[in-house]
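Taking it in order: structure first as C-alpha cells, then the write-up.
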Amino acid sequence: ERERDLNSLFTKVKSPNGNQFFINSELSLLQKKVQDETLKNEIKDTLEELSEYKKYLLIDIKDLSESDGYNSWRKNEITELSTLVQQRFRNLQNPIDCDNARKLICNINKGCGFGCQIHHLVYCFLVAYGTKRTLILKSKGWRYQKDGWESVFQPLSNTCLSANGQTHSNWPGDENTQVVILPIVDNVFPKPIFQPPSVPSDLAERLRKVHNYPLVWWIGQVLKYLMRPTIETKMLLSEKEEKMKFTKPIVGVHVRRTDKVGTEAAFHDVDEYMLKVEEYFNNLKNPPEKRRIYLASDDPKVIITARQRYPNYEIIADTDIAQTASIARRYSNLSLQGIIMDIHFLSLCDYIVCTFSSQVCRVAYELMQTYSIDASNKFRSLDDIYYYGGQNPNPQIVIYDHVPRKKGEIELKFNDKIEVYGNHWNGYSKGRNLRTGVVGLFPSYKVVNVVKAVDFPKYD
Ligand code: GDP
C-alpha cells in the first residue's frame, strides 16, 4: 500500500493538470453566470494568473526531476529494460529448430483499419510471449498490401516463418500442441491473462520507478519490435523527414474524421485541438518563436482549414499523405504508406493532441514512449482516456475517500475499485464503483491507475 501511495503521489506531482482542469472549468462556469462586468473581469484575470502559476509549477517540477541527480540513472535503467525486452523478443522469435518450435498463428486481416490491425497483432504477440510460442504472422492478401507485412516491415523472424507443425489446435490448445491458432480478441475464450493491462511482473517493479504508465511503455516495446521498417520504408521515412523539414520543437496533431465521426466518436473542430497546442507552447519555459505542428488527418480538408486559420503556425503535413488518407478505407498500397508515415511522425513529436478514441493516435502515443524516458504525460486527448481495445478489466483504485457533494457524484472509499467510463477533463471522471455498483461522477485525482503485474516467462 505504501508503495502504491508513493507511486500515485509521484504520478500526481508530475501531472498537476487535474487540479487545473477543475479550477479552470469551475471558474469559467462562474464567469458565465455572473452579470457584473467588474466581477467577470476579475475572474478572467484570476484565470490568467492561475495558468501562469501552473506554467511555473510545471517548470519547477521538470527542473526538480532533472536536478535530483538521478536522470542519468533513469536513462540507463529504461535503456537497459528496453535492451532486455528486445533481446527476449528476438530470442522468442528466432528458434534454432523451426520444424519443432512451438508456434502461435495470428492472421493480420482483422476487419478493421491499420491501427486496429496493429493492436490485434500486439495482442497476438503478447500471448505468444506469455505462452513461449514463436509468433507466426499470416499476412498474404493483407487488405492494405496484398504481398503482406514483409513488403513494408521486417519479418518477425529470421529463422522461422512457417506455420507447419506436427499437431495443430485452436486456442488454447495444451502444452504439447505444437501449433496453436489464436482468434481475434473479441472471440477468444478463455481470455489470455497475458493481454493488456498485464505487464510482466519481473519488469513491473523496475518500470514503476522510471515510467508513470508501465502498460503503455510495454506496448510501445512490442511495437518497436513489430514495426521495424524495411530498408525501403526507412529510406522513404527519412526522405519525407527531410522534404517536410520535420524539426523540433513540434506538436503532433491527429484529427480523425470521415467514417469515425458520428459512429464511434464526436466531431471536434480544428480550433479545439489548436487550443491545446497553444497551451502546450505557452507552458514551455522558452516558447519557440516559430510554433510548429505536424498535422495528420484522414480528411485533407482539415489541413487546408488549419493553414487558413493559423497562418502564424508552421504546419507540417504531407499533402500526398492527406490525399491518400482520404481513400484510406480502400486499403490501397498508397494509403498504407500514408498511415505508416503519419504514425511515425506523430510518434516523433514532443507532445500529441488527438482523440484517444482513435487507434491511430493510441499507436502513435505508445510508440512515443520508445523515444524518451517517460512520455506518458505528453498528450492531450479530446475524448477518451487511454485504453487498449478488448483489454481485460482494468479498474482504477481509490486513494482518497470521497463524500458526494453535488447531485450525480458517488461515494468513494479507500481501496474501492472503480471501472472508469471516461474523464470529463474538468476535474471529474465518470465511473462505476465496483463495491457499491453505483455509477456517477467523482474527482479524478482520488483514483489512480495500478500496474497489473502478471507472471510471464522470464526468458533466462
Ligand atoms: P480508428 O478507426 O481511428 O480507431 O483507427 P483504425 O486505424 O482502426 O482505422 C482508421 C484508418 O483510417 C487508418 O487505418 C487509416 O487507414 C485511416 N486514417 C485515420 N487517420 C489517418 C491519418 O491521420 N493519416 C492517414 N494517412 N490515414 C488515416
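The values are calculated or read from the model by the stated rules, or taken from the named source; none is laboratory data. Remember, predicted model here, so these are calculated numbers, not experimental data. As a convention, Cβ positions derive from the backbone with ideal geometry for all residues, glycine included, and neighbour counts pool all protein chains shown.
A search for C-beta distances below 6 Å between a residue of the range 235-251 that is in contact (Cβ under 8 Å) with a residue 60 or more places away in the chain and any residue that is basic (Lys, Arg), counting only pairs 6+ apart in sequence or on different chains, returns Ile250/Arg292. Looking only at residues in the range 384-403 that are within 16 Å of the ligand (Cβ to nearest atom) and closer than 29 Å to Ser65 by Cβ, the one that is nearest to the chain's Cα centre (by Cα) is Tyr386. The test for being in a helix (DSSP H, G or I), farther than 30 Å from Pro288 by Cα and not aliphatic (A, V, I, L, M) does not hold for Asp174.
Across the range 347-370, the number of residues qualifying as near the ligand (Cβ under 8 Å from one of its atoms) and of a type in the set (A, V, I, L, M, F, W, C) comes to 3. Is it the case, given these coordinates, that Tyr421 is surrounded by fewer than 16 Cβ atoms within 10 Å (Cβ to Cβ), in contact with a helix residue (DSSP H, G or I) (Cβ under 9 Å, 6 or more places away or on another chain) and aromatic (Phe, Trp, Tyr)? Here the answer is no, as Tyr421 does not meet what is asked. What about Lys430, is it over 24 Å from Cys354 (Cα atoms) and among the basic types (Lys, Arg)? Criteria not met by Lys430. Applying the criterion of at least 1 residues that are under 30 Å from Phe189 (Cα atoms) to the strands (runs of 3 or more DSSP E) found wholly in the range 368-454 leaves 396-398, 417-423, 428-433, 439-443, 452-454. Taking each residue of the range 355-371 that is without any contact (Cβ under 8 Å) to a residue 60 or more places away in the chain and surrounded by fewer than 24 Cβ atoms within 10 Å (Cβ to Cβ) and looking for partners that are among the aromatic types (Phe, Trp, Tyr) and not in a helix (DSSP H, G or I) with beta-carbon atoms closer than 9 Å, six or more apart or interchain, yields Phe356/Phe379; Phe356/Tyr386; Phe356/Tyr387.
The residues in the range 189-221 that are part of a loop (DSSP other than H, G, I, E, B) and buried (at least 17 other Cβ atoms within 10 Å of the Cβ) can be counted, and the count is 8. Note on the range 313-350: among residues that are surrounded by fewer than 23 Cβ atoms within 10 Å (Cβ to Cβ) and of a type in the set (Phe, Trp, Tyr), the one that is modelled with the lowest pLDDT is Tyr331.
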